[in-house]
Amino acid sequence: MSSETSEATMVIESVITDELKHQQVKLSLAGPLNSEEPMFETNASVNVFSSTGEIYTFQEDSVGYYSSIDQFRAEANQSYYLEVQTNDGRTYRSTDRQMVETSAPIQIVAQRQENEEQVGAAIYTINNSGSENRYYKYTFEETYKIEATYVASLKFGNSLLDLVPVEEEQRICYASNRSQEILLNNFEYLENDSTNQFLIQFIPNNDRRLFERYSIYVDRLSISPDAYRFFRILRESSIAENIFSQRQLGFIEGNIASVNEPDENVVGFFEVASHSSQRIFFNYTDLFDASERPSVFEGCEVTRPPFTEVVSDYENGQIQFLSTPTEDGNPDEGDGPYRVVPIECVDCRELGSNEQPDFWIE
């Protein structure tokens with residue numbers, strides 16, 4: 001370990017579930033106090049062992065993130081533990097964990113919500129407190145449809161004097177975001193016959209994500225009380241992603257320890273959890289009146305700047321060709337040789353991918 005990382009604390013995060021998939025382990029380093037960027041543990045050997053003798057090997061698929069080579073699911077009545085061996089010979093091992101009991105299926109709803117400051121789409125989970133488990137951790141991935149404001153049949157080629165046909169799909173695209181915050185909920189104190197809504201996401205109704213069609217996939221993990229406490233303290237101690245003060249880290253007790261140096265401060269939790277998930281779709285007009293939708297032309301003004309300005313803006317990736325001016329064109333646009341718009345207004349690939357996700361339905 002370098003002098004920079006020798007002062008850092010190992011952070012290990014993993015929850016394997018009963019969903020058949022490539023399970024994940026995240027290895028990072030917290031500190032030292034003057035760290036401005038997150039650090040990750042790379043080139044480690046990562047394995048999960050089951051009480052029935054199976055060994056699941058993980059490989060690093062991006063910096064600090066390790067996925068199981070084979071898909072597998074956690075099974076009831078089995079125990080599992082995680083072992084990590086770093087590139088410089090340190091070994092970390094978790095306690096044995098068994099899967100938390102399965103709870104009632106998750107239910108996701110989206111509804112219009114108004115408060116004093118804004119109107120938006122509130123996305124909730126509805127949970128029944130009568131479930132066996134009362135502690136939950138959530139993750140989500142949102143995907144939304146983007147439609148370019150303008151459609152052009154030509155675009156600038158290698159030269160601004162060279163107009164070429166548009167052959168790629170650039171009118172309709174899709175963008176996705178994964179949740180970044182630690183989302184936790186605890187129903188321990190609810191009455192048995194009550195239900196509870198938990199806010200997953202709130203999006204103002206003037207947010208572009210809602211303009212066309214929106215989808216969210218929410219995954220709920222049923223976790224143990226000690227896992228809930230760990231993730232709660234981890235969330236409260238966080239200054240930025242994976243950057244914590246050394247003083248705060250000492251108070252986060254997990255279930256992973258160093259085999260080589262038992263007194264080493266390690267922040268980590270390995271959990272085995274049952275999961276329940278749901279995906280929902282909705283359009284803007286499912287929740288809001290069409291008159292509330294901001295104009296798609298806002299920020300997409302058509303202009304005819306001087307040629308020198310077109311060259312500069314195009315080279316900086318700011319504009320794209322829309323059309324050539326006509327004799328009866330709008331004089332307010334200017335008097336340049338081309339009608340142009342901000343590039344994202346005519347090419348949605350600036351904001352997302354033109355490949356429709358496999359799960360997408362209209």
Does the stretch 72-107 hold any residues that are of a type in the set (A, V, I, L, M) and either surrounded by fewer than 15 Cβ atoms within 10 Å (Cβ to Cβ) or at pLDDT below 95 (or both), and which are they?
Ala76, Met99, Val100, Ala104, Ile106
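Please report, ordered by residue number, the strands (runs of 3 or more DSSP E) entirely within the stretch 69-179 with at least 3 residues that are of a type in the set (A, V, I, L, M, F, W, C) and more than 30 Å from Val259 (Cβ to Cβ). Don't jump to the end; show me each part of the working.
Numbers: elements: 79-85, 91-94, 107-114, 119-128, 135-147, 154-156, 163-165, 172-178.
Per the criteria, 107-114, 119-128, 172-178.
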Pairs with Cβ under 7 Å, 6+ apart, first in the stretch 322-351 and farther than 17 Å from Val310 by Cα, second charged (D, E, K, R) and at pLDDT 90 or above
Cys348/Glu147; Cys348/Arg171; Glu350/Glu344; Leu351/Glu344
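Before we move on, is Phe321 outside any loop (DSSP other than H, G, I, E, B) and touching a Lys or Arg at 6+ places or on another chain (Cβ under 7 Å)? Walk me through how you get there before you give the answer.
Numbers: outside any loop (DSSP other than H, G, I, E, B): yes; touching a Lys or Arg at 6+ places or on another chain (Cβ under 7 Å): yes.
The answer is yes for Phe321.
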Under 7 Å between Cβ atoms, which residue pairs at least 6 apart in sequence (or on different chains) link something in the stretch 90-101 that is outside the structural domain of Ala74 (by TED's automatic domain parsing) with a partner that is among the basic types (Lys, Arg) and surrounded by 15 or more Cβ atoms within 10 Å (Cβ to Cβ)?
none
Residue that is farthest from the chain's Cα centre (by Cα), among those in the stretch 258-272 that are modelled with pLDDT under 95 and of a type in the set (A, V, I, L, M):
Val266
Residue ID - nearest to Tyr135 (Cα to Cα), chosen from residues in the stretch 265-308 that are free of Cβ contacts under 8 Å to residues at least 12 places away in the same chain and assigned to a loop (DSSP other than H, G, I, E, B):
Asp289
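Can you find, within the stretch 277-299, the residue that is farthest from Asn127 (Cα to Cα) among those that are hydrophobic (A, V, I, L, M, F, W, C) and modelled with pLDDT of 95 or more?
First, the residues of the stretch 277-299 that are hydrophobic (A, V, I, L, M, F, W, C): 280-282, 287-288, 290, 296-297.
Adding the requirement that they be modelled with pLDDT of 95 or more leaves 280-282, 287-288.
On the way: Ile280: 16, Phe281: 20, Phe282: 21, Leu287: 22, Phe288: 25 Å.
Checking each candidate, the answer is Phe288.
Assess whether Ser291 counts as being surrounded by 12 or more Cβ atoms within 10 Å (Cβ to Cβ) and among the hydroxyl-bearing types (Ser, Thr, Tyr). Let's see the steps before the verdict.
On the way: surrounded by 12 or more Cβ atoms within 10 Å (Cβ to Cβ): no; among the hydroxyl-bearing types (Ser, Thr, Tyr): yes.
So Ser291 does not fit the description; no.
Do we find a residue being surrounded by 14 or more Cβ atoms within 10 Å (Cβ to Cβ) and under 23 Å from the mean Cα position of the chain (by Cα) anywhere in the stretch 125-133? Break it down into steps so the answer makes sense when it comes.
Taking the stretch 125-133 and keeping what is surrounded by 14 or more Cβ atoms within 10 Å (Cβ to Cβ), we get 125, 127-131, 133.
In the following step, the residues that additionally are under 23 Å from the mean Cα position of the chain (by Cα) were identified as 125, 127.
Checking the stretch 125-133: at least one residue is surrounded by 14 or more Cβ atoms within 10 Å (Cβ to Cβ) and under 23 Å from the mean Cα position of the chain (by Cα).
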Suppose the filter is surrounded by fewer than 15 Cβ atoms within 10 Å (Cβ to Cβ) and either in contact with a Gly (Cβ under 6 Å, 6 or more places away or on another chain) or of a type in the set (Val, Ile, Thr) (or both); does Val63 pass it?
yes
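Confirm whether Tyr56 is of a type in the set (Phe, Trp, Tyr) and closer than 20 Å to Phe230 by Cα.
On the way: of a type in the set (Phe, Trp, Tyr): yes; closer than 20 Å to Phe230 by Cα: no.
Considered against the rule, which asks whether it is of a type in the set (Phe, Trp, Tyr) and closer than 20 Å to Phe230 by Cα, Tyr56 comes out as no.
The values are calculated or read from the model by the stated rules, or taken from the named source; none is laboratory data. Since the structure is predicted, the reported quantities are computational estimates derived from the model, not experimental observations. FYI the Cβ positions are ideal-geometry reconstructions off the backbone, even for glycines, and counts take in every protein chain you see.
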